[in-house]
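So the structure is just underneath, and the comments pick up after that.
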Amino acid sequence: MSYLSIIFPSKIVNKYIVGGRCLNLSKTSLSRRDHTVRRLKLDLPQAIPILSDKEEILDIITTFFNAGKTKNVAPLSVIQLDDPRFSAYSDVPPFDLKDFATTAALEQLRFVSISDYDYELKNLRVDLFETFAVATFTVLQSGMIVDNYSFRGQHMTMNSRATFVMVKHAKWKIVHLHLTKISD
């Protein structure tokens, strides 16, 4: 049974979707809450967590960069909109505007070829509109670029500005991303 605990300054609220209804269970009555949670676990295992739009967008951004850590690039095609309107600019060559297929191939190559990859997101801002959102932030990326032919590696650290434009159909998806390296 999964549920989402949202921490507010004065209480913890757990949200569930059960049979199309949203249930909020606060921590104010602990014994009643525990009983209700146990009953939900026994009776309704299909309860699913609710994420706010901003939380879902943050999850998409971390999924994007976690592909470099986990080397699992499959989620990249799920979080990006496979559509002719998709576009991307990268902070590594080639610098031209790319479509979905080219971006997906280059992202896979990029994330798989960097070992010991790590990243840090800073100054994250998410602006929500009716059916789209704009996330802006800076990202510090580091790792070891390995040359498979010479078996040598070169340490890489890159600080970049990022803008992710997302559109909401059933779920949020990246429709445009723009990464620009910040000069050293």
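The values are calculated or read from the model by the stated rules, or taken from the named source; none is laboratory data. For clarity, every value in this text was computed on a predicted model and none was experimentally measured. Heads up, the Cβs are rebuilt from the backbone with ideal geometry, glycines too, and the neighbour counts pull from every protein chain shown. Accessible surface areas use protein heavy atoms only, side chains included; no ligands, DNA or RNA. Shrake-Rupley method; radii C 1.70, N 1.55, O 1.52, S 1.80 Å.
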#### Entry: Ellipsoid equivalent to the stretch 71-152 - semi-axes via the Cα gyration tensor, in Å
26, 17, 12
### Summary
A 1.4 Å probe over the protein heavy atoms gives the stretch 116-170 a carbon and sulfur accessible-area percentage of 51
### Task
Report the antiparallel proportion of the DSSP beta bridges in the stretch 58-184 as a percent, rounded to a multiple of 5.
90
### Gain upon complete extension [residue 157, residue 145; 0.36 nm per residue less C-alpha separation]
3.3 nm
### Message
Can you give the FRET efficiency to the nearest 0.05 for residue 181 and residue 85, using r as the Cβ-Cβ distance and R₀ = 30 Å?
### Response
0.75
### Summary
Rounded to the nearest 0.05, FRET efficiency between residue 122 and residue 55 (Cβ-Cβ, R0 25 Å) equals 0.85
### Query
Can you give the net charge of the other residues whose Cβ lies under 12 Å from the Cβ of residue 80, counting K and R as +1 and D and E as -1?
0
### Task
Taking H placed 1.01 Å from N in the peptide plane, check which residues at least 5 places from residue 80 or on another chain put their amide H under 5 Å from its amide H.
174
